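Worksheet: one structure, shown below.
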């Protein structure tokens with residue numbers, strides 16, 4: 001035992017484990033600076049620009065939640081619009097009773113999370129395509145159920161009360177700040193979640209569920225927690241959507257239960273990069289640029305979006321951020337681990353790259369442990 005302990009101690013001295021290949025101490029300051037600049041937008045740009053930004057922030061929040069489900073927990077859902085719609089109605093109903101819609105945003109987030117618990121119980125045993133279709137069916141069922149209540153608008157919806165006498169410019173600014181706060185909190189929650197032990201469990205489940213179970217991981221509990229967290233984020237985004245549109249409509253074009261929202265969040269994640277925190281950010285930027293540039297082309301707008309998604313899926317399977325990571329070897333929000341062999345430093349691949357990623361955490365696509373490093377480990 002002493003010889004084994006001595007060998008282990010020597011290995012611990014030789015090998016280092018870090019979160020990233022490079023020093024990312026400035027990433028937090030850079031992110032804070034970006035948030036501060038974005039918070040100043042209502043003072044430096046027109047309200048039309050902030051209205052577009054609100055749409056982008058809603059898509060970013062939804063994409064981050066969908067990426068958490070599909071990219072880290074292996075749960076591909078096409079029914080996240082269920083929680084988007086519930087969040088919108090959890091803002092509408094308190095507003096009908098005199099509560100400010102902005103004050104009702106926490107109710108929307110918590111209400112969607114609470115509703116996710118029994119819904120998870122219904123679909124928790126399903127996998128892959130069965131899970132995806134089941135989430136879609138649940139979303140449609142919830143929409144049909146809500147449409148049976150004329151007191152909250154039925155199938156036609158109703159305007160959101162609580163803004164009579166509000167200055168339109170001030171309302172636009174408040175809506176933008178609320179959307180920014182929701183997006184920042186959603187991304188921060190995803191980052192902290194993936195940096196925790198639960199993040200390692202999630203990616204282990206995504207890579208091999210059977211192996212994760214055999215290792216003692218509580219697969220069911222981990223997936224339920226992620227499902228609830230994603231519901232909370234989508235519910236908050238639904239509340240912002242209701243405030244932004246000043247109306248809650250269940251179905252149809254732009255309806256809160258429209259599958260179009262899941263298509264948009266999935267598009268942003270696929271374009272940006274599945275299984276990375278940076279991917280939804282980059283994908284949302286690309287999506288909003290394409291939307292604002294091509295929306296006047298009617299049907300061609302959707303055709304071009306589809307062609308872009310197909311091209312990325314075929315030629316850049318890790319998304320646009322995956323291409324950046326392969327060439328620059330940088331992660332703005334590192335959540336995985338890297339093993340550094342003796343004498344290696346934080347330089348680019350080849351002479352000073354890490355021996356390889358240790359454990360899951362979204363750091364996929366990196367080079368495996370070299371033969372020399374394996375011999376040293378042996």
Please go through region 78-120 and give me each residue that is closer than 22 Å to residue 254 by Cβ and outside any helix (DSSP H, G or I), ordered by number.
78, 79, 80, 101, 102, 104
Return the residue satisfying two criteria in turn: it lies in region 45-74 and is assigned to a helix (DSSP H, G or I) and more than 16 Å from the chain's Cα centre (by Cα), and of such residues it is nearest to residue 237 (Cα to Cα).
54
Report yes if residue 309 is assigned by TED's automatic domain parsing to the domain that holds residue 83 and part of a helix (DSSP H, G or I), otherwise no.
no
So, residue 168, is that one closer than 24 Å to residue 110 by Cα, assigned by TED's automatic domain parsing to the domain that holds residue 110, surrounded by fewer than 16 Cβ atoms within 10 Å (Cβ to Cβ) and in contact (Cβ under 8 Å) with a residue 60 or more places away in the chain or not?
no
Quick one: which residue in 158, 143 is over 22 Å from the mean Cα position of the chain (by Cα), under 17 Å from residue 87 (Cα atoms) and buried (at least 19 other Cβ atoms within 10 Å of the Cβ)?
143
Of 178, 231, 183, the only residue that is in the same structural domain as residue 68 (by TED's automatic domain parsing), within 23 Å of residue 97 (Cβ to Cβ) and modelled with pLDDT of 95 or more is 178
Do we have residue 129 as touching a strand residue (DSSP E or B) at 6+ places or on another chain (Cβ under 9 Å) and farther than 30 Å from residue 331 by Cα here?
no
When residues of region 7-48 are filtered for being in contact with a helix residue (DSSP H, G or I) (Cβ under 7 Å, 6 or more places away or on another chain), more than 26 Å from residue 330 (Cα to Cα) and modelled with pLDDT of 85 or more, how many remain?
3
Any residue at all in region 341-354 that is modelled with pLDDT under 85, in contact with a strand residue (DSSP E or B) (Cβ under 7 Å, 6 or more places away or on another chain), outside the structural domain of residue 72 (by TED's automatic domain parsing) and not in a helix (DSSP H, G or I)?
yes
List the helices (runs of 4 or more DSSP H) that sit entirely inside region 194-283 and contain at least 2 residues that are in contact with a helix residue (DSSP H, G or I) (Cβ under 9 Å, 6 or more places away or on another chain) and surrounded by 18 or more Cβ atoms within 10 Å (Cβ to Cβ).
197-207, 219-245, 260-272
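The values are calculated or read from the model by the stated rules, or taken from the named source; none is laboratory data. Nothing here was measured: the structure is a model prediction, and the numbers come from that model. Note: ideal-geometry Cβ built from the backbone for every residue, glycine included; neighbour counts use all protein chains shown.
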